[in-house]
Amino acid sequence: MKIVLAYSGGLDTSVIVKWLRETYDAEIVTFAADVGQEEELKGLPQKARATGASKHYTLDLVEEFARDFIYPMIRANAVYEGQYFLGTSIARPLIAKAQIEIAKKEKADTVAHGATGKGNDQCRFELTYMALAPHLEIIAPWKNDVFRSQFPGRAEMIQYCADHKIPVEASVKKPYSMDRNLLHISYEAGILEDPWFDPTTKANKGMFKLSVSPEDAPNKAEYVELDFVKGNCVAVNGKQLTPAGVLKKLNKLGGKHGIGRVDLVENRFVGMKSRGVYETPGGTILMQAHRQVESLTMDREVMHLRDGLIPKYAELVYNGFWFAPEREALQALIDESQKRVTGTVKLKLYKGNIITCGRKSPYSLYDLKIASMEGVKSWYNQSDATGFIRLNGLRLRARNLAQGGPKV
């Protein structure tokens, strides 16, 4: 039996490597995806082999992550429940896809992950496995009764590592869990499980890694210009950048000005509510800028149709259905809507705020002659509005005359 394990080198997966090998008498191949978490990847190959893996892969997926996963989602303006920019959600299908590719290369018959049975990541990993490689067996130790009885909590896992000389940097007192990638950092569990707990106080604000608090941001605003082509940002302040380069640049700018912090209670796919704290500085800027180019270039009815689909698209990403046919169908409609979403947006960043200062596009549908209130002649005839309103009001007048109208 050969198992490819999605491996971060943290406490859970460090324990799981050895547990899988002993429980299943299997060869373990570990895999870590570089999706922009940076320093967390240092020393993973050595650590994995020391823990019991026969082989380790670390793949650089940063550019693919930005180009093929984050950017399509930005084109959809996808935000889950009006607040969450889906940073963790959108990374999981890419990680699972790469894990499957390694499983094929290694001729492995099984894939495994360290996601818990209470969270969303188990869905995202396993739905991707099923969509792309339905023949593979799936092992999820946290849904195994024997594993949970052996490791009911972090203290037992830390002791297990100590007993077996497994190097980990975890401690029983760590107050929360963290997940980082190019798009965001998420914080949850531990002290954050109390929805009344305030992580922004002076005593707690050291938790944040990507951004300063708005109170500590510069007292001087900073302007930034973003260029878009077909819904994709291609340049920042006139400098051409790759998708990953755009996000790295905007993360620094947004973090400097305290932009992109969100604290919410969300509805998990498995049914429970969960409190999460997120930092998404670059993604927040990118999303607002994208919407501004759309405001100039998208037809009203196309925009309203697309906007009506945003909650469904975001839900599919959140729940793990990236490789489902309905997401692909929605993406086709969304990408069709982006063909003329080309232009430049000027934003002002100041103490947690993103202020739109201007937008322009060669495909702008904004006609100054029509919009002007200064008596400029155009092919818009204000007299036409009388009949337009009368026809739209016909059913309202009929209702009042025949049925008495609405109660007021």
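Observations, loosely collected:
- Residues satisfying the stated conditions in region 245-301, i.e. open to solvent by less than 60 Å² (accessible area, probe 1.4 Å) and of a type in the set (Phe, Trp, Tyr): Tyr278
- Selection status of Glu156, exposed (fewer than 15 other Cβ atoms within 10 Å of the Cβ) and either within 27 Å of the chain's Cα centre (by Cα) or in contact (Cβ under 8 Å) with a residue 12 or more places away in the chain (or both): no
- Hits in region 115-126 - residues which are open to solvent by less than 20 Å² (accessible area, probe 1.4 Å) and not basic (Lys, Arg): Ala115, Gly119, Asn120, Gln122, Phe125
- Test: residue in region 99-121 that is basic (Lys, Arg), at pLDDT 95 or above and in a loop (DSSP other than H, G, I, E, B): yes
- If you go through region 127-152 and keep only what is open to solvent by less than 50 Å² (accessible area, probe 1.4 Å), over 24 Å from Asn267 (Cα atoms) and among the small types (Gly, Ala, Ser), you end up with just Ala133.
- Screening region 29-54 for residues that are more than 24 Å from the chain's Cα centre (by Cα) and hydrophobic (A, V, I, L, M, F, W, C) and picking the one that is nearest to Tyr71 (Cα to Cα) gives Leu44.
Condition check ((1) out of contact with any Asp or Glu (no Cβ under 8 Å at 6 or more places or on another chain); (2) surrounded by 14 or more Cβ atoms within 10 Å (Cβ to Cβ); (3) among the basic types (Lys, Arg)) across all residues:
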position	(1), (2), (3)
Arg306	yes, yes, yes
Tyr313	yes, yes, no
Glu336	yes, no, no
Tyr350	no, yes, no
Thr356	yes, yes, no
Tyr363	yes, no, no
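- Only one of the numbered conditions (1) open to solvent by 70 Å² or more (accessible area, probe 1.4 Å); (2) farther than 23 Å from Asp145 by Cα is violated by Pro45, and that is (1).
- Exclusive hit being without any contact (Cβ under 8 Å) to a residue 12 or more places away in the chain and under 17 Å from Leu182 (Cα atoms), set Lys105, Lys42: Lys42
- Put simply, of Lys377, Lys346 the only residue that is open to solvent by 70 Å² or more (accessible area, probe 1.4 Å), over 23 Å from the mean Cα position of the chain (by Cα) and closer than 23 Å to Cys233 by Cβ is Lys346.
- Flag if Arg92 is under 30 Å from Leu333 (Cβ atoms), open to solvent by less than 20 Å² (accessible area, probe 1.4 Å), part of a helix (DSSP H, G or I) and of a type in the set (Lys, Arg): no
- One residue alone among Arg21, Arg67 is closer than 17 Å to Glu106 by Cα and either among the small types (Gly, Ala, Ser) or part of a helix (DSSP H, G or I) (or both), and that residue is Arg21.
- Residues that are among the polar types (S, T, N, Q) and either in contact with a Cys (Cβ under 8 Å, 6 or more places away or on another chain) or closer than 29 Å to Lys360 by Cα (or both) do not occur anywhere in region 256-278.
- Applying a threshold of 7 Å to beta carbon distances and a minimum spacing of six or more residues, or different chains, the list of pairs starting in region 10-30 at a residue that is open to solvent by less than 40 Å² (accessible area, probe 1.4 Å) and ending at one that is among the hydroxyl-bearing types (Ser, Thr, Tyr) and assigned to a helix (DSSP H, G or I) reads Ser14/Thr51; Val15/Tyr160; Val17/Thr51; Lys18/Thr51.
- Residue, surrounded by the most Cβ atoms within 10 Å (Cβ to Cβ), within region 54-70, restricted to residues that are among the hydrophobic types (A, V, I, L, M, F, W, C) and either modelled with pLDDT under 95 or more than 30 Å from His164 (Cβ to Cβ) (or both): Ile70
- The number of residues in region 159-168 being modelled with pLDDT under 85 and loosely packed, with under 12 Cβ neighbours inside 10 Å comes to 1.
- Residue satisfying all of: in region 188-208; surrounded by 13 or more Cβ atoms within 10 Å (Cβ to Cβ) and among the β-branched types (Val, Ile, Thr); nearest to Ser274 (Cα to Cα) among these: Ile191
- Checked against the criteria, Ser177 counts as surrounded by fewer than 21 Cβ atoms within 10 Å (Cβ to Cβ) and touching an Asp or Glu at 6+ places or on another chain (Cβ under 7 Å).
The values are calculated or read from the model by the stated rules, or taken from the named source; none is laboratory data. Because the structure is predicted, anything quoted here is derived from the model rather than measured. Cβ coordinates were reconstructed from backbone atoms using ideal geometry, including for glycine residues, and neighbour counts include every protein chain displayed. Note: areas computed on protein heavy atoms with side chains; ligands, DNA, RNA excluded. Shrake-Rupley method; radii C 1.70, N 1.55, O 1.52, S 1.80 Å.
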